[in-house]
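J.: Quick one: structure below, then a few questions.
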Amino acid sequence: MDRPIRVLAVVASQAGGNTDRLVGQVLKAASEAHAAVSPATVHLGAGPLDPARVESYMQSVAAADAVVLGTPMFRATYAAVLKEFLERVPRGGPPERFDGPLRAKAVGIVATGGSHHHFLGADPLIDLLVRYFGAYVVPPVLYGVIRSGGDPDPALLDDAARFGRALAALAQAIRSDDRLGDARAQI
């Protein structure tokens with residue numbers, strides 16, 4: 001029997017916040033779409049990163065089949081603590097053929113903001129994941145405006161369900177086809 005698809009959510013905010021709740025909907029949908037999904041979540045908080053936990057975070061990323069990066073958007077960019085986290089993710093170099101823990105991995109980006117004006121701020125994150133780490137990013141970024149303490153819009157919940165199903169399917173496809181697992185960053 002195949003081992004479960006391990007999905008790690010890295011949330012760049014505190015537990016229970018708007019971003020965390022939307023990421024939870026994605027993990028729920030991934031679990032419902034594929035019976036063998038094993039989700040886990042790491043909350044980075046507001047930052048800076050806790051140096052004592054960085055190594056365990058990196059081990060969790062390496063062990064995952066798929067990663068969800070959840071971030072609130074501030075001033076049209078993703079959270080600084082997520083940037084700090086990604087700066088610590090090993091990439092490898094030419095001798096290792098850029099074989100870092102995000103290489104050829106399914107990655108979903110879940111972002112929240114106070115308005116729709118910030119949704120394009122995730123584009124540099126997509127570029128970093130694809131070009132620098134060689135990851136497969138589930139299109140499009142799941143972006144939602146959720147008012148503090150309010151419930152997400154039903155259309156956003158539908159989008160989160162589709163996004164979670166796509167993430168699980170992509171992780172399964174990468175695992176099932178060695179050709180997809182051979183993707184690498186080039187430079």
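J.: I'd like the full set of residues that are among the aliphatic types (A, V, I, L, M) and assigned to a helix (DSSP H, G or I), limited to segment 103-135.
T.: L120, A122, L125, I126, L128, L129, V130
J.: Quick test of your reading of the structure: P90 fulfils all but one of (1) within 15 Å of the chain's Cα centre (by Cα); (2) in a loop (DSSP other than H, G, I, E, B). Name the failing condition by number.
T.: Unmet for P90, out of (1) within 15 Å of the chain's Cα centre (by Cα); (2) in a loop (DSSP other than H, G, I, E, B): (1).
J.: So R3 clears everything in (1) over 19 Å from D158 (Cβ atoms); (2) modelled with pLDDT of 95 or more; (3) not polar (S, T, N, Q) except one condition, right? Which one?
T.: It fails just one condition, (2).
J.: In segment 136-161, which residues are hydroxyl-bearing (S, T, Y), assigned to a strand (DSSP E or B) and under 12 Å from R21 (Cα atoms)?
T.: Within segment 136-161, no residue meets the criteria.
J.: If you don't mind, another one. Tell me, which residue of segment 51-79 that is under 21 Å from D123 (Cα atoms) and more than 15 Å from the chain's Cα centre (by Cα) is surrounded by the fewest Cβ atoms within 10 Å (Cβ to Cβ)?
T.: Per the stated criteria, the residue is R75.
The values are calculated or read from the model by the stated rules, or taken from the named source; none is laboratory data. Since we're looking at a predicted model, the values are computed, not measured. Cβ coordinates were reconstructed from backbone atoms using ideal geometry, including for glycine residues, and neighbour counts include every protein chain displayed.
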